[in-house]
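A short write-up of the structure that comes next.
The values are calculated or read from the model by the stated rules, or taken from the named source; none is laboratory data. Computed from a predicted structure; not experimentally measured. Cβ coordinates were reconstructed from backbone atoms using ideal geometry, including for glycine residues, and neighbour counts include every protein chain displayed. For the accessible areas, the whole protein counts, side chains as well, though only heavy atoms, and no ligand, DNA or RNA atoms are used. Shrake-Rupley method; radii C 1.70, N 1.55, O 1.52, S 1.80 Å.
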Amino acid sequence: MSTEFISSLPSSNDLLCGLKPATSTSGSDDTKMIKSAEEPSGTTSASSNSLQYLLAQLELAQSERCKEKAEDYMEEIEKIQSEQKAVADMISRARQLQNQADVDGKNVEMPEDMVKFFEERDLAIDKDGNDNKHNKDEWTYNIESLTNYQQTISNKTQIQMVNLEDMVSQYNSFLSGASSDTKEASQIMQNLA
């Protein structure tokens, strides 16, 4: 899913399809959603219409909340994916340095930006020799630290994807309910006319 998909989802205002509560000259606007005085003795249809309209508004409001939450999940997933790329690049570089240490048979210094990467994320670095120079086995330790972090990030992505799918599903459910309720309220208004 992309941010464009979330942005393309209709808003609650787009879905009311012009169904607006009728204004009344007497009584409060929130209790008289339509002119029920024109209806014969039983006002069940008018009340039903008002309830359907209110339910549709509630479902639309809930769908908007779901859409906003889905957008938040998308942003979080994009950040995590960016971090995954950075970790993958760091693992690749660490393997190259490990190979260099193996071929040369001597310690290879960890570059400063790599040290900073480890420190900023509180990742374990091999401290044998109390320096940033590592032999092949010490590089193995550092690479394992990176791959463990990579797995943690991957798990976060999966969780966020499940959350995103859940929000989109809830959004669709609320939207479908609102559409159904709006159509029903519209039908009631047509029957009253």
* **Selection of GluC sites (Glu not before Pro), segment 125-193, meeting DSSP coil and at most 16 other Cβ within 10 Å** => none
* Treating the Cα atoms of segment 44-193 as identical point scatterers in vacuum, please give the log10 of the normalised Debye intensity I(q)/I(0) at q = 0.20 Å⁻¹, two decimals. => -1.08
* Residue-wise HN-Hα coupling along segment 125-141, computed from phi with Karplus coefficients 6.51, -1.76, 1.60 (Hz; x: Gly, Pro) -> 10, 4, 10, 4, x, 6, 9, 9, 9, 9, 8, 4, 5, 5, 5, 4, 4
* Enumerate lysine pairs in segment 48-193 that are 8 or more residues apart or on different chains, then count those whose Cα atoms are under 23 Å apart. => 18
* Can you pull a Stokes-Einstein diffusion coefficient for segment 80-164 at 37 °C (0.692 mPa s), Rh from Kirkwood over Cα pairs, as a whole number of µm²/s? => 244 µm²/s
* Using only the alpha carbon atoms of segment 148-193, find the Kirkwood hydrodynamic radius as the inverse mean reciprocal pair distance, in angstroms to one decimal. => 13.4 Å
* To do: Would you mind telling me the share, in percent, of accessible area of segment 38-193 contributed by carbon and sulfur at probe 1.4 angstrom?
  => 45 percent
